[in-house]
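The values are calculated or read from the model by the stated rules, or taken from the named source; none is laboratory data. None of these values were measured; they are calculated from a predicted model. We place every Cβ from the backbone using ideal geometry, glycine too, and count neighbours over all the protein chains shown. Calculation scope for accessible area: heavy atoms of the full protein, side chains included, ligands and nucleic acids excluded. Shrake-Rupley method; radii C 1.70, N 1.55, O 1.52, S 1.80 Å.
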Amino acid sequence: MTDFFWLIPFFPLVSTIIFVIFGRRFPKKYVSFQACFAVLASFVLAAISFLSMLNAGPSHSLLEKNLFSWINAGSFKVNLSFQFDSLTAVMVLVVSLVGFLIHIYSVGYMSKDKSYTRYFAYLNLFVFFMLVLVMASNLVLMFVGWEGVGLCSYLLIGFWFEKHSAANAGKKAFIVNRIGDAGFLIGILFIVVHIGSTEFSAINKAVLGGVLTPALATLIGILLFIGATGKSAQLPLYIWLPDAMEGPTPVSALIHAATMVTAGVYMVARMNLLYSMSLTASNIIAIVGGLTAIFAATMALTQNDIKKILAYSTISQLGYMFIGCGVGAYAAGIFHLYTHAFFKSLLFLAAGSVMHALSGELNVQKMGGLRKYLPRTYYPFLIGAIAIAGIPFFSGFFSKDAILTHAFAQGQYAVWAMGILGAVMTAFYMFRLIFLTFHGKERLEPDVKKHIHESPPVMTIPLAILAFFSIIAGYIGLPAVVGKNYNWFGNFLDPVIHSGHEAHISMGTEWFLILISVAVAVAGIFIAYIFYIRKTQIPSTLIKKFPFIYKLLYNKYYVDEAYNAVFVNPMIRGSEIIYDNFDLKIIDGAVNGSAKIAVWSGRLLSRFQTGFLKDYALIFLLGAILVIGFLLF
Amino acid sequence: MIPISYFIVLSFILFFLGIVAFFVKKDLLTQFMAVEIMLNAANLAFIAFAKSANALDGQVIVFFVITVAGAEAAIGLAIILLIFRHRKTIKTEDINLMKG
């Protein structure tokens, strides 16, 4: 069976092609069946490949399949080839499992949409490209998947393109990603020039063989990381992700929380040998990750849009993953990616369920007290929030703690402090969201309240499954304090992620670090409890006391406005100047000018065409005389 | 034996009369007849040269010209007739449909 692992991405692709060709004639029931089944087939095949890899033991930790030679230009060769190792296995399982659950949820969420088939065609196509991205065995094919998921992201953000804001948000996501991708592409070209091959195995061999100087490794590492900041919404290219919430909520859960935005983390982990050569590049990653974690968390504090809060939370959590990669704890970063995929998609889907119940209401200030109306949404949401806040025995605790412990052990105290600060805010804003939405006074609009209803089972069952994973997913990577060999996840990734020099800290310090992260999580929840349940006047007094800070946070530090003023508007104005002067005058002038010359010369020559017989005869006669004269003399 | 120059001069006179008639006259029918005169002037020259050069080629060409002139007369007259039916005139200064 493992020989066929390369078929994993192709089930969703075939499904998309069928939808594109015959989709119009299919009834909705069949569309839902085919779309879900295609992703389920990928998941089953991935699980079989994964299990047989486990059984085969460490010597069979890498499957490779070369389909054909794709580019063959002189010494530069690219194969269309897939690989399946432990890192790919984690990513493929997460993508196909979460993808499958979200497909099922979408059946309920999108049931009334008129473009039902188009939605599932895009969603299947996205799963295909995401699987290509994580299974590619070279950077060029990975880039194909990378761009493909970007395309699907654009299509799905702008899914309701009749809405102006959705169309604009899709465009923004696409353009911002292009900036990052330019860096990524230049990084790939550097690798092509200096290593000659983009196969990961060849890159690793070259790095180990010392082909790259440290300066070159730093340069390539930073260029590739620029690509990651675009795709994974890090500073300074994070601005597209909050806007991306214009898309349908399951899309936000799948693409903008669980899978696509983590592609940057995956890429950095995949290139871990290169990054371990360059301390500068690693430090930049850790610092950008830490700053993003705090920066995004502060913006989440004051937002009122339920999906925007989750979007900023995603940016912040992606920052944690990059902290992990930046301090050399790639396994911890991937571990957080894996737990985050479950609890963040759970939170998004639960938020979608709330919106579904409230006829599309997004403003948390107009919710409250929903616990008794939506119990089957409330409990999964609560589990997700506990997991992300970092309360012990839930998955998010283990992964976040692993990252912060490694950061501390590597002596990156500043990054560690940023992570802890972010953790307080994470706990606070998540429970602010919970309290405002599900507890306290009802602040519903009367006509919304009339239609309030719990979501159908097709939506709540995926929530329950994801809630289950949000609890147990962390137990495969226990911290070192409970014993050296319980970090099964890290050991599993060992063949891909070369742990290198690991700084060890004493058990006492590690217990102390765990205690701190638990304490800040509890503190964050407690503050939220006081602010939004006990003394609800506190937030408004704080706003009155510090109007400047509140306004700054509420308007997201005016970053969008600043980017508009510095980059977007000059670009638009410059384009207008060029349009007015070059396009209208020179290009249009040349085109219109040649037409005018034709008209003119035609008009001049048509003077000879008087229509009178005698004039023609006269010209004919003159011509004859001329010819005779020419022949005679 | 009449010298060849007589024929050639007669041919020139006829041809010149044809040109003059074509430019002077205003109705299509007369102009058409002028064209016929020019054709026959050319025929006369052909025959004269053929006789003096003792070659049959010129005479053969004359037969061709007569045949073509006959066909041309049939079509030309039909066209003139149709123009007259449609426009009630065959004066060339009234007909300038081909003006550019």
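Brief remarks follow.
- Across region A:465-477, computed HN-Hα scalar couplings (Karplus, 6.51 cos²θ - 1.76 cosθ + 1.60, θ = phi - 60°) run 5, 5, 5, 4, 5, 4, 7, 8, 4, x, 6, 8, x Hz from first to last residue, x flagging Gly and Pro.
- Per-residue Karplus couplings for region A:350-357, computed as 6.51 cos²θ - 1.76 cosθ + 1.60 with θ equal to phi - 60°, are listed in order as 5, 4, x, 5, 4, 4, 4, 5 Hz, Gly and Pro entered as x.
- Charge dipole (Cα centre; +1 on Lys/Arg Cβ, -1 on Asp/Glu Cβ; no other charges) of region A:462-578 amounts to roughly 700 debye.
- Cα centre as origin, Lys/Arg/Asp/Glu Cβ charges: region A:517-627 dipole, Debye: 580 debye
- Dipole axis of the protein assembly as shown (+1 Lys, Arg; -1 Asp, Glu on Cβ), positive-most option in A:145, A:259, A:82: A:259
- Rounded to 10°, Cα long-axis angle of helix A:10-22 versus longest principal axis of chain A: 50 degrees
- Summing +1 for each Lys or Arg and -1 for each Asp or Glu among the other residues whose beta-carbon sits under 13 angstrom from that of residue A:56 gives -2.
- Positive-pole candidate from B:62, B:16, B:28, dipole of chain B, charges at beta carbon: B:28
- Electrostatic dipole magnitude of region A:1-101 [Cβ: Lys, Arg +1; Asp, Glu -1; Cα centre; debye, to 20]: 560 debye
- The peptide list A:81-90, A:175-184, A:324-333, A:272-281, put in order of mean Cβ contacts within 10 Å with the highest first, becomes A:324-333, A:81-90, A:272-281, A:175-184.
- For residue A:137, neighbours were defined as the other residues whose beta-carbon sits under 15 Å from its Cβ, and their charges (Lys and Arg +1, Asp and Glu -1) total +1.
- Farthest toward positive dipole pole in chain B [+1 Lys/Arg, -1 Asp/Glu at C-beta], among B:5, B:46, B:79: B:79
- Among A:107-117, B:60-70, A:552-562, sorting by the average number of other beta carbon atoms lying within 10 angstrom of each residue, highest first, gives A:107-117, A:552-562, B:60-70.
- Other protein chain C-beta atoms within 10 Å of residue C-beta, averaged over B:89-97: 2.
- By the Kirkwood approach, averaging reciprocal distances over each pair of separate Cα atoms, region A:7-104 gets a hydrodynamic radius of 15.3 Å.
- Inter-chain Cβ neighbour count for A:600-612, averaged per residue, equals 2 (cutoff 10 Å, partner chain atoms only).
- Each Lys or Arg adds one and each Asp or Glu takes one away; over the other residues whose Cβ falls under 11 Å from the Cβ of residue A:308, this sums to -1.
- Kirkwood-based Rg to Rh ratio, region A:70-209, C-alpha trace: 1.05
- Stretchable slack from residue A:304 to residue A:606, in nm (0.36 nm times residue separation minus alpha-carbon distance): 101.4 nm
- Accessible carbon and sulfur surface of chain A relative to its total accessible area, %, 1.4 Å: 71 percent
- Overall form of region A:58-135 per C-alpha gyration tensor (a/c, 1.5; a/b vs b/c): oblate
- Sites residue B:54 and residue A:626, calculated FRET efficiency, Cβ-Cβ separation with R0 30 Å, nearest 0.05: 0.35
- Value of Rg to Rh for chain A (Rh from inverse mean 1/r over Cα pairs, i.e. Kirkwood): 1.12
- Rough spin-label spacing in nm, given labels placed 7 Å along Cα→Cβ, for residue A:538 and residue A:3: 6.5 nm
- Paramagnetic label reach from residue A:512 (point 7 Å along Cα→Cβ; backbone nitrogen cut-off under 17 Å): within region A:367-406, residues A:404-406.
- Area of residue A:488 that stays accessible when all protein chains are in place (1.4 Å probe, Å², to 10): 110 Å²
- Long-range amide H partners of residue A:70 with built H, under 5 Å: A:78, A:79, A:80
- Pairs from A:114/A:172; A:172/A:231; A:307/A:344; A:171/A:308; A:308/A:449; A:28/A:112 whose Cα-Cα separation, in the structure shown, is over 21 Å: A:114/A:172; A:308/A:449
- Simple spin-label estimate for residue B:88 and residue A:567 in nanometres, 7 Å along Cα-Cβ: 8.0 nm
- Per-q log10 I(q)/I(0), region A:219-312, q = 0.12, 0.17, 0.21 Å⁻¹ (Debye; single scatterer per alpha-carbon; no solvent): -0.40, -0.74, -1.02
- Paramagnetic reach from residue A:168 in region A:563-582 [backbone N under 18 Å; point 7 Å along Cα→Cβ]: A:563-573
- Rh by Kirkwood over Cα pairs, then Stokes-Einstein D for region B:4-87 at 1.567 mPa s and 4 °C, µm²/s: 93 µm²/s
- Take each residue in A:557-566, count the other chain C-beta atoms within 10 Å of its C-beta, and the mean is 0.
- The relative contact order of chain A, computed from alpha carbon pairs under 8 Å that lie at least 6 residues apart in sequence, is 12 percent.
- In this assembly, the B-A interface accounts for approximately 1000 Å² of buried accessible surface in total, computed with a 1.4 Å probe and without ligands, DNA or RNA.
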